[in-house]
Amino acid sequence: MRNAYIDQFPDEAAVIKAAFWSSFIALAIGGTLGLVQALHRTDVFRFIQSPDYYTVLTAHGVLLAITFTIFFLVGLFTWAVTTGLDRGVVDIRFTWAWYALMVVGATLETVTIFAGFLEQAPTVLGSELYADVLFTFYAPLQAHPLFYLGLVLFVVGSWLAGVDWFRTWWAWRKENPDERIPLPAFMVLTTTLFWYICTLGVAIAILVFLLPWSLGITDSVNPLLTRTLFWYFGHAVVYFWLMPAYVMWYLMLPKFSGGKLFSDPLARVVFVLFLLLSTPLGIHHQYLDPGIAEGFKFIAMTNTMFLLLPSLLTAFTVVASMEHGARQRGGTGYLGWLKALPWRDPVFTGMALAGLMFAAAGFSGMINAGMNINYLVHNTWWVVGHFHLTVGTAVALTFMASSYWFIPQMTGKALWNRSLALAQVLIWFVGMTFMSNAMHRSGLFGMPRRTAEPQYQGFDFEPAVGTVGEINAQVALGAVLLTLSLALFLLIMVMTSFNGTSDSLPDNGYAGTLSGPEDSPAILDNLKVWTAIAIVLVIFAYTLPLASIIDSGGLFGKGIEGVQLSIGADPGLVLESLREVIR
């Protein structure tokens, strides 16, 4: 007897399925470009000219770090709210509207980026269509206005998605005034609140500074100011990617393990901590930036160290839940219970391996967070290895593995070839192990990031162990395995969509809890209190640094008049633009 999501919420299932497929398309394009980058950087095989590398790098970053992750998130959060509250959204037309707005935004930014491949890009709105500005789109690099407009529409769409989830919760609360917020909805609402807080930074950067600058309305920008506003958003967005993975680890891993969630109250504490601490630490990405006092950087470092706490609590809670499930399945011993876990299930195995990779990412993240150690690795491939463990595995592998459960729920069709799905998640894990390990090692001997040509004339990198050739071979091998895994994932998704309707789908529900919401203080559910505290912490962390930056560099900068710079531009133009920035 089947109990699929599509049977209970057919309209919402259609939107979720559309969001997931938008996510998969972005993953397919961005992931393929990752292989192009890896083979080019390691000089194994070059498909493109070096100036085009930056177009590829921009597309890879934007499509995977923003489009893929957030499209999947809005689908998953819609599922979590509707199943957690056991009711549909208030107005499905509003739901389709924010999804359509996100599609328009994603299309604009993607078309603008790929126009960089054209020898003669079309002129639109009075300037050439291009956006070789990387994921971070720092000034004085300047993109076409349609790139910035696309980002704005995409983010606004995600804001409206949050409104949709809150409207659904408010409707539920009127019907259940004395009930605690169900855990799935609580996770979604707290994550949405810190998304609203952190995206104010990037919204101001684009709407007030970068978009008017690219349209010629203003003559210049303050690069340090817009860069700081980006990182006000840029680190919190990492947790916006991670929270859907956390939702699946808390809600579904215990279920797939055969047990119960260890503690509902601990899960709530974790999400409250992310709401409070995710935004006031973005300056730790700017340790090497001149113009920001060391004291402000030290405060950001301290805030970052506090953020280790929710990750450690998550590791404890999720592993304890898995152990409980394994012991319910007959597992015994201090470590023998691990053998009782359902390792043949691709959904469980993919998410468990993603969590294991995230633990490794936590160790490299502590290196990034420390000021003095960060100076050694900041502009190297170490950082690239780190975020391939986070968004590239903890997030991406969890999303892919959970899709093997979600797509049957949203379509009513059985998963096609579970054995191949298990092979897919294992290949991803092995490929990322090779690639991220090599990237971390290369970062330790100074291999730079963000460059098409990492070699220097008259200088050879000398790793303490191995050779540059061996490390490059690991990167290339890892990239090939990851691309193979991606191809298998897309094949399984397509074939599942064409599979026959099944009457024996997995149960659409959550595991129970060993400690429920009744064991936690009611104050945990007071979202107004936690949001107010989060805003106060942001004000404390950013008021003085931003005031200092504006005081020294001006609100709209000094002397970047009319610079329009692409990373793939003529070196003479780059040098001249940098001279203007220095002046």
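A short reminder: the numbers here are calculations on the coordinates, not readings from a lab. Source: prediction; values computed, not measured. Backbone-built Cβ (ideal geometry, glycine too); neighbour counts: all protein chains shown.
Annotations
- Filter result for the condition that a residue is in a loop (DSSP other than H, G, I, E, B), within 30 Å of LEU253 (Cα to Cα) and not aliphatic (A, V, I, L, M), over GLY478, GLY446, GLY509: GLY509
Per-residue answers, yes or no, for (1) crowded, with 22+ Cβ neighbours inside 10 Å; (2) within 26 Å of the chain's Cα centre (by Cα):
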{"site": "SER23", "(1), (2)": "yes, yes"}
{"site": "ASP52", "(1), (2)": "no, yes"}
{"site": "VAL62", "(1), (2)": "yes, yes"}
{"site": "ILE66", "(1), (2)": "yes, yes"}
{"site": "ALA80", "(1), (2)": "yes, yes"}
{"site": "ILE92", "(1), (2)": "no, no"}
{"site": "ALA97", "(1), (2)": "no, yes"}
{"site": "GLY116", "(1), (2)": "yes, yes"}
{"site": "LEU125", "(1), (2)": "no, no"}
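- Flag if VAL270 is assigned to a helix (DSSP H, G or I), buried (at least 21 other Cβ atoms within 10 Å of the Cβ), out of contact with any helix residue (DSSP H, G or I) (no Cβ under 6 Å at 6 or more places or on another chain) and of a type in the set (Val, Ile, Thr): no
- Members of segment 489-519 that are over 29 Å from ARG180 (Cβ atoms), surrounded by 19 or more Cβ atoms within 10 Å (Cβ to Cβ) and not β-branched (Val, Ile, Thr): PHE489, MET493, LEU505
- Of the residues making up segment 320-346, just one is in contact (Cβ under 8 Å) with a residue 24 or more places away in the chain, part of a helix (DSSP H, G or I) and over 17 Å from LYS260 (Cα atoms), namely PRO346.
- Test: ALA121 is surrounded by 20 or more Cβ atoms within 10 Å (Cβ to Cβ) and either hydroxyl-bearing (Ser, Thr, Tyr) or in contact with a Leu (Cβ under 9 Å, 6 or more places away or on another chain) (or both): no
- The requirement of being buried (at least 16 other Cβ atoms within 10 Å of the Cβ) and more than 23 Å from the chain's Cα centre (by Cα) is satisfied by MET447.
- Just one of the listed residues (ASP289, ASP264) is out of contact with any Cys (no Cβ under 6 Å at 6 or more places or on another chain) and surrounded by 21 or more Cβ atoms within 10 Å (Cβ to Cβ), namely ASP264.
- Restricting segment 360-369 to residues that are surrounded by 15 or more Cβ atoms within 10 Å (Cβ to Cβ) and of a type outside the set (S, T, N, Q), the residue that is farthest from ASN437 (Cα to Cα): ALA369
- Extreme residue, farthest from PHE296 (Cα to Cα), among residues of segment 360-391 that are assigned to a helix (DSSP H, G or I) and of a type in the set (S, T, N, Q): THR390
- Any hit, segment 392-401, residues being surrounded by fewer than 24 Cβ atoms within 10 Å (Cβ to Cβ), assigned to a helix (DSSP H, G or I) and not basic (Lys, Arg): no
- A Cβ distance below 9 Å, combined with a sequence gap of six or more or placement on separate chains, defines the contacts here; from segment 241-268, residues that are touching a residue at least 60 places away in the same chain (Cβ under 8 Å) and at positive phi reach residues that are in a helix (DSSP H, G or I) and crowded, with 24+ Cβ neighbours inside 10 Å in the pairs GLY258/GLY325.
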